[in-house]
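Notes to accompany the following structure.
The values are calculated or read from the model by the stated rules, or taken from the named source; none is laboratory data. Since this is a predicted model, take the numbers as computed values, not measurements. With ideal geometry, Cβ positions are generated from the backbone for all residues, glycine too; neighbour counts draw on all protein chains shown. What goes into the accessible areas is simple: the full protein's heavy atoms, side chains included, and nothing from ligands, DNA or RNA. Shrake-Rupley method; radii C 1.70, N 1.55, O 1.52, S 1.80 Å.
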Amino acid sequence: MGSDLPERAKYTICPPVDEATLTSLLQRVADGERSVQQALTDLRDLPFEDIGSAKIDHHRELRTGQAEAVYGPGKTPDEVREASKALVRHASGAVFVTRATPEQFEALKHDVPAAVYDERSRLIVAKEANRNGAPLGQAAVISAGTSDRPVAEEAALTLGALGAGVDRIADVGVAGLHRLLQHRDRIEAADVVVVVAGMEGALPSVVAGLTSRPVVAVPTSVGYGASFEGLSALLTMLSSCAPGISVVNIDNGFGAGLVAHRILRVHAGSTG
């Protein structure tokens, strides 16, 4: 019997989010059968799409403000392509593939020509958020050394695709503190600051001591043996004496970009 179903029906576990479903829900609100708050809860729990190799959560964007991302490692190029296509088809905002390979990008770009791949960060931006007018806010992305740039670029590209303005400040590690101090005006002009550092990981503490802006700290796996592939930097950042710092996992530039984006969204909502 399954072979007689339309192709889309084969992959949909729950009722789709289409005009008929939403019309029915809105009519129930109009008739007093559901409150506005109950309807909002219904929308948050509406279905995912089963494409065979993955179950795509199309309503994550409604719940969290950001569509589900595709994590590249362990997936075949075809699996990345199909998951990304499904997300691009439904999402109103940005769609990403993280830690992607050139082969995965090659498979995707034929079906999503607008997709862009950054080799340094291994990030695919399959779709950017719609930009209506001014940027959502301004983020400064600061990296300690050139070796930290792949992670910093992942954060910067993520924020840019989500609609934020991004100011990149590179190669300003604490071994040459005067290089950082030269950019204090640029740091203070930002609404949020992402700081990326490996080795001993001291840069976020220094930045947080110079600005009133929230700081998102990203430890990287850059460093010699006692750095323990980023663990030393992570522990330093978690142990910082400077207030106003949040810390994401080692090499997680994408996660830092999303934290900063949420801060910008709240800031825009409170000032808009």
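Roughly how many Å² is the accessible area per residue of segment 131-264, as a whole number, for a 1.4 Å probe?
In whole numbers, segment 131-264 has 42 Å² accessible per residue.
If you bin the C-alpha pair distances of segment 68-160 every 10 Å from 0, what whole percents do you get?
Pair shares across the bins are 17, 46, 29, 8.
When Rg is the radius of gyration of the Cα atoms in segment 94-222 and Rh is its Kirkwood radius, what does Rg/Rh come to?
1.02
Using 0.36 nm per residue of separation minus the Cα-Cα distance, give me the extension gain between residue 40 and residue 175 in nm, one decimal.
Working: separation 135, 0.36 × 135 = 48.60 nm, distance 5.14 nm.
Using 0.36 nm per residue and subtracting the Cα-Cα distance, I get 43.5 nm.
Using a ≥ b ≥ c from the Cα gyration tensor of segment 146-272 (square roots of the eigenvalues), is it rounded, prolate or oblate, where a/c under 1.5 gives rounded and otherwise the larger of a/b and b/c decides, a/b for prolate?
Numbers: a/c = 1.66, a/b = 1.43, b/c = 1.16.
Judged from the Cα gyration tensor, segment 146-272 comes out prolate (a/c at least 1.5, a/b above b/c).
Please find the FRET efficiency linking residue 212 to residue 239, where r is the Cβ-Cβ separation and R0 is fixed at 22 Å, and quote it to the nearest 0.05.
Plugging the Cβ-Cβ distance into 1/(1 + (r/R0)^6) gives 0.55.
At a 10 angstrom cut-off on C-beta neighbours, averaged per residue, how do the peptides 68-81, 139-152 rank from highest to lowest? Mind showing how you got there, number by number?
Working: 68-81: 18.1, 139-152: 25.2.
Per-residue Cβ counts within 10 Å, averaged per peptide and sorted highest first, yield 139-152, 68-81.
How long is the gain from residue 92 to residue 31 if the chain were fully straight, where each residue apart is worth 0.36 nm and the alpha carbon distance is subtracted? Display every interim value, and only then the final one.
Working: separation 61, 0.36 × 61 = 21.96 nm, distance 2.91 nm.
This chain segment gains 19.1 nm when fully extended.
What number comes out for the charge environment of residue 148, summing +1 per Lys or Arg and -1 per Asp or Glu over other residues with Cβ under 13 Å away?
That works out to -2.
Hey, any idea what % of segment 118-165's accessible area is carbon plus sulfur with a 1.4 Å probe?
43
I want to verify the translational diffusion coefficient of segment 164-208 in µm²/s; compute it with Stokes-Einstein, Rh as the Kirkwood radius over Cα pairs, at 25 °C and 0.890 mPa s.
Working: Rh = 11.1 Å.
Estimated diffusion coefficient is 221 µm²/s.
Just to be sure I understand the model, the point goes 7 Å from the Cα along the line to the Cβ. What's the resulting residue 114 to residue 228 distance in nm?
Distance between label points: 4.5 nm.
Determine the share of segment 175-242's accessible area contributed by carbon and sulfur atoms, expressed in whole percent, with a 1.4 angstrom probe. Intermediate results must be reported in sequence, preceding the final value.
Working: 1900 of 3260 Å².
Looking at segment 175-242 in its full context, I get 58 percent from C and S.
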